[in-house]
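Enquirer: Below: one structure in structure tokens.
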Amino acid sequence: MGPGRGCWCPSAKVHRVVSRFRIATGVLRADLEGEEVLLNPATGMYHVVNATGRELLRDIEHGQSVGESTRRIAESFGEPVEFVRGDVSTFLAAMVERGLLEESVE
């Protein structure tokens, strides 16, 4: 991933940086003891999201780009942006792969 305004999306036919995502249509969500479970009922794929992942999802739902959210999360945890960027990219790629997030064209 480059200077980090988005996420490398491995499922795309042409590899490109994606900067905005949304929860995929039909995905179900439930709170579970301080974490959140996202389930794609069409595929049976799910992901348990911790507090940091929930912050990222909240930012995405409020229209922030991946880069904006990454910088905010890094600042709030006192971590280097480069470190957080790698975790964010891995998380987003897993969520896309499971059909829980999709690229937003907005």
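Enquirer: Taking the range 73-106 as the region of interest, how many residues are of a type in the set (D, E, K, R) and surrounded by 16 or more Cβ atoms within 10 Å (Cβ to Cβ)?
Expert: So the answer is 5.
Enquirer: Now for a separate question. Counting only residues that are touching a residue at least 40 places away in the same chain (Cβ under 8 Å) and among the acidic types (Asp, Glu), how many does the range 68-82 have?
Expert: Adding up the residues that qualify gives 1.
Enquirer: Also, quick follow-up: Among the residues of the range 36-67, which ones are assigned to a helix (DSSP H, G or I), without any contact (Cβ under 8 Å) to a residue 24 or more places away in the chain and surrounded by 16 or more Cβ atoms within 10 Å (Cβ to Cβ)?
Expert: Glu55, Asp59
Enquirer: Any residue in the range 18-32 that is among the basic types (Lys, Arg), modelled with pLDDT under 90 and over 14 Å from the mean Cα position of the chain (by Cα)?
Expert: No, every residue in the range 18-32 fails to be among the basic types (Lys, Arg), modelled with pLDDT under 90 and over 14 Å from the mean Cα position of the chain (by Cα).
Enquirer: Counting only residues that are in a loop (DSSP other than H, G, I, E, B) and within 8 Å of the chain's Cα centre (by Cα), how many does the range 68-96 have?
Expert: Of the residues in the range 68-96, 0 are in a loop (DSSP other than H, G, I, E, B) and within 8 Å of the chain's Cα centre (by Cα).
The values are calculated or read from the model by the stated rules, or taken from the named source; none is laboratory data. What you are looking at is a predicted structure, and each value in this text was computed from that prediction instead of being measured. Backbone-built Cβ (ideal geometry, glycine too); neighbour counts: all protein chains shown.
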